[in-house]
Structure formats: C-alpha cells, structure tokens
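Below is one structure, written out as structure tokens, with a few remarks after it.
The values are calculated or read from the model by the stated rules, or taken from the named source; none is laboratory data. These numbers come from a predicted model, not from an experiment. Note: ideal-geometry Cβ built from the backbone for every residue, glycine included; neighbour counts use all protein chains shown. Calculation scope for accessible area: heavy atoms of the full protein, side chains included, ligands and nucleic acids excluded. Shrake-Rupley method; radii C 1.70, N 1.55, O 1.52, S 1.80 Å.
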Amino acid sequence: SPVDRMPLLEIIRAKTTSDACLASAMDLAKRLRKTPIVVNDSRGFYTSRVFSTYVNEGLSMLLEGVDPALIENAGRLAGMPVGPLVLADEVSLDLMWHVREQARADLGAGYRPNATDAALHIMIDQAGRHGKKTRRGFYDYPEGAKKRLWPELTKWFPVCANQPEAAGLVVRFRYVQALETIRCMEEGVVRDRRDADVGSVLGWGFCPALGGTIGYIETVGKDRFIQECERLEKAHGERFSAPQRLRSMAFS
C-alpha cells in the first residue's frame with residue numbers, strides 16, 4: 001500500500017470462478033498496469049498470509065528479549081523494506097487484533113495463538129498503544145519530528161543481557177516466510193512457483209536480490225535449507241518445521 005504504488009494484483013480464484021471471469025481479471029490487471037498472480041481462495045490468500053509471518057517473527061523476538069532496535073535492523077538486513085515493528089504500527093495494532101479475533105471465531109478449536117496474540121495483548125490492553133494512526137505504537141510519532149522507538153518499550157518487553165547475532169535473526173526472517181510459501185503451495189493456495197516468487201517480491205517486498213521466497217530456497221539449496229529448518233525448529237518451534245512438500249520438491 002498505498003494502492004497506486006502497489007505493483008502487484010493478487011487475483012483470487014474461487015471454486016466457481018470461470019475461465020472467462022479469470023481472463024477478464026487478467027485483462028483488468030494489464031489495463032491497470034499491474035503484475036498479476038493467480039491464487040486460490042483461502043484465509044489470508046497468499047500475500048497477506050505469508051507477510052504476516054514476518055511481523056509475527058519480529059514479535060516473537062521481542063517476547064524473547066531481543067532488543068527492539070536489533071529486531072528492526074535485522075529486518076532491514078534481511079532485505080525487507082522496513083522493520084516488523086514499524087510495519088505493525090503502519091497496519092495498526094487494533095486492526096491486527098480484530099483480524100485475529102475473527103480468525104479465532106471462525107476456526108474455533110483449530111485456532112492456534114502465537115506471539116502476535118501475546119504482544120498485541122500487552123500493547124493494546126495493558127499499554128494502550130494502537131499504532132501509527134494514534135501516534136502511539138511500538139514507535140512514537142511526535143508532531144513535526146521523526147518517529148522513534150517508544151522509550152518505554154523495553155519496560156513492557158524486557159531485553160535479555162545476551163543478545164543474538166543479527167545474522168541469526170536475518171535467517172529466521174527469511175526462513176519463516178519461505179516455509180509459509182511452501183505451505184501455501186502444499187495446500188494448493190499457490191500452484192505456480194513463479195507466482196509465489198513474483199508475489200513475494202512485488203506483494204510484500206521480500207528481498208528482490210534473493211529471487212523471491214522459492215528462489216531463496218533454490219539459492220540456499222534444498223538439503224542445506226532443510227537442515228537449517230531442523231535446527232530452527234529445535235530452537236524456536238514447529239513454525240520452522242520443513243513441510244513434506246518441500247522435501248519432495250525438485251529444484252534445478
């Protein structure tokens with residue numbers, strides 16, 4: 001966002017979408033001078049679903065005691081346009097909360113809380129911070145001055161004495177997005193790996209130099225990527241588990 005600057009058009013194909021309707025949507029994309037990808041109907045579709053893993057990973061780090069400035073810098077080092085905390089502020093924290101409340105209502109017992117739930121509870125319910133629109137989020141937005149990380153943020157999210165290397169955080173940011181892309185392919189949300197790569201670069205700003213989320217796995221190499229997933233899963237949880245689809249995929 002904003003829409004006029006967004007180069008991607010994500011076309012959602014539902015079960016009853018005809019080929020003629022899809023062709024009309026592709027034609028509209030051309031007339032709008034957008035680059036289209038076609039994905040199947042699913043919660044969060046493709047770009048929003050994978051994009052949210054970047055923010056969630058940043059909030060996971062915050063809850064772990066990683067310094068907020070280090071989190072933001074690592075996000076930029078990973079090739080993302082902005083850090084995950086300022087991105088959450090831009091989206092607005094209460095909007096993120098409403099989205100999760102709707103998901104909880106829709107999924108019932110199948111809903112799995114994560115770091116985003118815990119961090120938003122602290123920020124909204126306890127600290128009364130709602131994001132950039134109220135000038136009070138993970139950052140302060142003073143009138144006529146540059147934004148800055150909220151000075152009291154570390155009181156709500158205590159910082160550990162021993163901080164991780166930025167390189168390790170970069171790996172987490174990139175891997176969590178690449179793995180969610182594979183899950184989208186496994187579930188049939190995305191069928192073409194070219195759509196996955198184009199969508200990741202143009203849709204939410206995954207590092208273009210890495211060729212997109214699937215291109216990143218190809219660059220790392222599947223075997224090495226899976227080995228790193230196993231290490232990350234042991235250290236940080238099942239969100240880093242390598243899906244069966246990844247293990248069976250053929251890469252050039």
Find all pairs meeting these conditions: Cβ atoms under 7 angstrom apart; at least six residues apart or on different chains; first residue within region 131-145 and closer than 20 Å to residue 62 by Cβ; second residue open to solvent by 60 Å² or more (accessible area, probe 1.4 Å) and assigned to a loop (DSSP other than H, G, I, E, B). 139/147; 140/147; 141/135; 141/147
Out of 7, 2, which single residue is open to solvent by 30 Å² or more (accessible area, probe 1.4 Å) and in contact with a Leu (Cβ under 8 Å, 6 or more places away or on another chain)? 7
Filter result for residue 233 (surrounded by fewer than 21 Cβ atoms within 10 Å (Cβ to Cβ), assigned to a helix (DSSP H, G or I) and in contact with a Ser or Thr (Cβ under 8 Å, 6 or more places away or on another chain)): yes
Subset tally (residues that are open to solvent by 20 Å² or more (accessible area, probe 1.4 Å) and part of a helix (DSSP H, G or I)) for region 57-95: 12
In region 193-205, which residues are of a type outside the set (S, T, N, Q) and either under 18 Å from the mean Cα position of the chain (by Cα) or under 16 Å from residue 179 (Cβ atoms) (or both)? 193, 195, 196, 197, 198, 199, 201, 202, 203, 204, 205
Quick one: what pairs do we get from region 25-49, first residue at pLDDT below 95, second part of a loop (DSSP other than H, G, I, E, B), C-beta under 7 Å, 6+ apart or different chains? 42/187; 42/189
Residues of region 181-200 that turn out to be within 25 Å of residue 5 (Cα to Cα) and either among the polar types (S, T, N, Q) or not in a loop (DSSP other than H, G, I, E, B) (or both), as a count: 9
Take the conditions open to solvent by less than 30 Å² (accessible area, probe 1.4 Å) and in a loop (DSSP other than H, G, I, E, B) and apply them to residue 203. Does it pass? no
Single residue of region 207-230 satisfying the filter (out of contact with any Lys or Arg (no Cβ under 8 Å at 6 or more places or on another chain), touching a residue at least 24 places away in the same chain (Cβ under 8 Å) and among the hydrophobic types (A, V, I, L, M, F, W, C)) that is surrounded by the fewest Cβ atoms within 10 Å (Cβ to Cβ): 209
Based on this model, can you work out whether residue 106 counts as touching a residue at least 12 places away in the same chain (Cβ under 8 Å), open to solvent by 10 Å² or more (accessible area, probe 1.4 Å) and in a helix (DSSP H, G or I)? yes
Take residue 77 and tell me if it is in contact with a helix residue (DSSP H, G or I) (Cβ under 7 Å, 6 or more places away or on another chain) and closer than 18 Å to residue 181 by Cβ. no
Could you look through region 206-252, keep only residues that are under 17 Å from the mean Cα position of the chain (by Cα) and polar (S, T, N, Q), and pick out the one that is farthest from residue 188 (Cα to Cα)? 241
Test: residue in region 157-164 that is in a helix (DSSP H, G or I) and either modelled with pLDDT under 95 or touching a helix residue (DSSP H, G or I) at 6+ places or on another chain (Cβ under 6 Å) (or both): no
So, in region 146-179, exactly how many residues are within 18 Å of the chain's Cα centre (by Cα), more than 19 Å from residue 63 (Cβ to Cβ) and open to solvent by 30 Å² or more (accessible area, probe 1.4 Å)? 1
Selection from region 109-140 of residues that are open to solvent by 40 Å² or more (accessible area, probe 1.4 Å) and part of a helix (DSSP H, G or I): 109, 110, 118, 121, 125, 126, 132, 133, 134
